[in-house]
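Visitor: Attaching a single structure in structure tokens format; questions to follow.
The values are calculated or read from the model by the stated rules, or taken from the named source; none is laboratory data. Worth saying up front: this structure is predicted, and the values here are computed from it rather than measured. Here the Cβ positions follow ideal geometry from the backbone for every residue, glycine too, while neighbour counts run over all protein chains shown. Surface accessibility is based on the protein's heavy atoms, side chains included, excluding ligands, DNA and RNA. Shrake-Rupley method; radii C 1.70, N 1.55, O 1.52, S 1.80 Å.
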Amino acid sequence: MSNPSGRRYLRDLREYLAGLRSIGELVEVNKEVDWNLEIGAIIRRCYETGAPAPLFNSIKGIEKGFRVFGAPACISRQPSLYLSRVAISLGLDPRAKGSEIVEALAEAKKNKPVPPRLVETGPCKENLLVGEKMDLLRLPVPLIHRGDSGRYINTWGTVVARTPDSKWTNCANARVMLLDSRRMTGIVHPLQHLGQIHAKRLTWKSPRSRRS
């Protein structure tokens, strides 16, 4: 998807993977790997060497179809594509320099927000598991480091939280750890934004309840 600025904005992760593949920045790993430390070690090595981003297609003990993608923001060892993974994600040329990426991010703050458009269905709703069918342990969540307290299901994603009066919506990068088939957990520190929103929810009363 392009716009008047000439940038090609990605519509989903599939397009991002295709973009990386086209410039040699993605390698598919078809040999079986273990979610217990092995995946984390390989991804860490990619970050250290600038190797292509790995896409693991076969994970021990995990049913076929579930995959793991690593090192999406890693620098590249290809000289002309040093910051290509970040550049592509912003709709820039894969050869964009650091200064161009910073300028693009700064310019984006001036853009008007795009309102959401509600649709009946979409690719993200192709596989829905609800009720008793929901099982987080089906996902290939890795144990990344020896000594970690658990398997982290979210290390790169964004946690979105809103105050009960809807006056403030906060977006934050925060780690979320897998507890069991139904539960996840993360840090909700009282001095951080998530903790402040949580505190508001504990003390907030709706206008209706205040009138009563």
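Visitor: What is the residue count in the stretch 45-68 for residues that are open to solvent by 50 Å² or more (accessible area, probe 1.4 Å), at positive phi and at pLDDT 95 or above?
Guide: 1
Visitor: Among the residues of the stretch 109-120, is any free of Cβ contacts under 8 Å to residues at least 24 places away in the same chain, among the charged types (D, E, K, R), surrounded by fewer than 10 Cβ atoms within 10 Å (Cβ to Cβ) and in a helix (DSSP H, G or I)?
Guide: Residues of the stretch 109-120 free of Cβ contacts under 8 Å to residues at least 24 places away in the same chain: 109-120.
From the residues that got through so far, the ones that are among the charged types (D, E, K, R) too are 109-110, 112, 117, 120.
So of that shortlist, the ones also surrounded by fewer than 10 Cβ atoms within 10 Å (Cβ to Cβ) come out as 109-110, 112, 117, 120.
Now narrow it down to the ones that are in a helix (DSSP H, G or I): none.
No: the stretch 109-120 contains no residue that is free of Cβ contacts under 8 Å to residues at least 24 places away in the same chain, among the charged types (D, E, K, R), surrounded by fewer than 10 Cβ atoms within 10 Å (Cβ to Cβ) and in a helix (DSSP H, G or I).
Visitor: Right, something else. Please work out which residue is surrounded by the most Cβ atoms within 10 Å (Cβ to Cβ), limiting yourself to the stretch 124-168 and to residues that are of a type in the set (Val, Ile, Thr) and over 16 Å from the mean Cα position of the chain (by Cα).
Guide: Narrowing the stretch 124-168 to residues of a type in the set (Val, Ile, Thr): 130, 141, 144, 153, 155, 158-160, 163.
Going one step further and asking which of them are over 16 Å from the mean Cα position of the chain (by Cα), we end up with 130, 163.
Details: Val130: 6, Thr163: 16.
Once the filter is applied, the top-ranked residue is Thr163.
Visitor: If I ask for residues that are in a loop (DSSP other than H, G, I, E, B) and either more than 20 Å from Arg175 (Cα to Cα) or touching a strand residue (DSSP E or B) at 6+ places or on another chain (Cβ under 8 Å) (or both), which ones from the stretch 124-148 would you list?
Guide: Of the stretch 124-148, the ones in a loop (DSSP other than H, G, I, E, B) are 126-130, 134-135, 139-142, 144-148.
Within the stretch 124-148, Glu126, Asn127, Leu128, Leu129, Val130, Met134, Leu139, Pro140, Val141, Pro142, Ile144 qualify.
Visitor: Hey, can you tell me all the residues within the stretch 149-206 that are in a loop (DSSP other than H, G, I, E, B), of a type in the set (Lys, Arg), out of contact with any strand residue (DSSP E or B) (no Cβ under 8 Å at 6 or more places or on another chain) and more than 21 Å from Leu129 (Cβ to Cβ)? Outline the logic, then answer.
Guide: Residues of the stretch 149-206 in a loop (DSSP other than H, G, I, E, B): 149-150, 155-157, 163-168, 174-175, 179-183, 187-192, 204-206.
From what is left, the residues that are of a type in the set (Lys, Arg) are 167, 175, 182-183, 205.
Still in the list and also out of contact with any strand residue (DSSP E or B) (no Cβ under 8 Å at 6 or more places or on another chain): 167, 182-183, 205.
Across the stretch 149-206, the qualifying residues are Lys167, Lys205.
Visitor: So which residues in the stretch 8-44 are open to solvent by 60 Å² or more (accessible area, probe 1.4 Å), modelled with pLDDT of 95 or more and under 21 Å from Lys64 (Cα atoms)?
Guide: Across the stretch 8-44, the qualifying residues are Val27, Glu28, Asn30, Lys31, Glu32, Trp35, Asn36, Glu38.
Visitor: Another question about this same structure. So in the stretch 170-197, with the set limited to residues that are β-branched (Val, Ile, Thr) and in contact with a helix residue (DSSP H, G or I) (Cβ under 8 Å, 6 or more places away or on another chain), which one is surrounded by the fewest Cβ atoms within 10 Å (Cβ to Cβ)?
Guide: Here the answer is Ile187.
Visitor: Report yes if some residue within the stretch 85-98 is out of contact with any Ser or Thr (no Cβ under 6 Å at 6 or more places or on another chain), more than 15 Å from Leu20 (Cα to Cα) and modelled with pLDDT of 95 or more; otherwise report no. Quick ask: steps written out before the conclusion?
Guide: Step one: of the stretch 85-98, the residues out of contact with any Ser or Thr (no Cβ under 6 Å at 6 or more places or on another chain) are 85-93, 96-98.
Going one step further and asking which of them are more than 15 Å from Leu20 (Cα to Cα), we end up with 97-98.
Those still in the list that are modelled with pLDDT of 95 or more too: 97-98.
Yes - at least one qualifying residue is present in the stretch 85-98.
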